Amino acid sequence: MFPQLSRSLLHETITEKLLFHKLCARWVQKQLTEQHMLNRVQASREFSERYELDSDNFLKSIVTGDETWVANYTPETKRQSEQWRHTTSPSTKKYQTTVSATNIMAQCFRTTEASF
């Protein structure tokens with residue numbers, strides 16, 4: 001866009017004088033609402049109270065599980081998410097997205113008793 005200026009001079013001006021740097025978006029697995037965070041705090045308190053009442057018996061009764069959608073697409077790379085930003089600018093966040101017509105759900109369950 002500025003053929004009369006060299007790339008090195010432009011780069012020096014942008015980085016040293018304007019204090020801009022190319023920064024990548026920070027990866028955040030899921031976008032949680034305030035309600036989601038309050039639910040997590042409440043569940044943690046309930047688990048803590050039940051552990052105080054039943055101790056190890058409570059831990060042996062827990063079945064944990066997780067599920068995730070596995071998508072058949074290539075997400076944006078770290079390099080593709082780079083933007084020129086001022087050093088005092090807050091980092092941008094990149095949320096996990098599912099952009100595929102061919103998704104499968106993977107599930108995993110486990111009891112804590114096996115570890116005792």
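The values are calculated or read from the model by the stated rules, or taken from the named source; none is laboratory data. Everything numeric in this text was worked out from a predicted model, so none of it was measured. We place every Cβ from the backbone using ideal geometry, glycine too, and count neighbours over all the protein chains shown. What goes into the accessible areas is simple: the full protein's heavy atoms, side chains included, and nothing from ligands, DNA or RNA. Shrake-Rupley method; radii C 1.70, N 1.55, O 1.52, S 1.80 Å.
Among the residues of segment 21-52, the one identified as in contact with a Ser or Thr (Cβ under 7 Å, 6 or more places away or on another chain) and surrounded by fewer than 12 Cβ atoms within 10 Å (Cβ to Cβ) is ARG26. For segment 67-81, the count of residues that are over 21 Å from the mean Cα position of the chain (by Cα) and at pLDDT below 80 is zero.
When THR68, THR92, THR13 are checked against the criterion of being open to solvent by less than 70 Å² (accessible area, probe 1.4 Å) and closer than 22 Å to THR111 by Cα, a single residue qualifies: THR68. When SER6 is tested against the conditions (1) among the small types (Gly, Ala, Ser); (2) closer than 30 Å to SER81 by Cα; (3) in contact (Cβ under 8 Å) with a residue 24 or more places away in the chain, the lone failure is (3).
If the condition is being within 24 Å of LYS78 (Cα to Cα) and hydrophobic (A, V, I, L, M, F, W, C), then segment 1-48 contributes LEU10, ILE14, LEU18, LEU19, PHE20, LEU23, CYS24, ALA25, TRP27, VAL28, LEU32. The residue pairs whose first member lies in segment 27-48 and is of a type outside the set (A, V, I, L, M), whose second member is assigned to a strand (DSSP E or B), and whose beta carbons are closer than 7 Å, counting only pairs six or more residues apart or on different chains, are TRP27/LYS94; LYS30/TYR95; GLN31/TYR95. Checked against (1) modelled with pLDDT of 75 or more; (2) on the phi < 0 side of the Ramachandran plot, ARG26 passes all but a single condition, namely (1).
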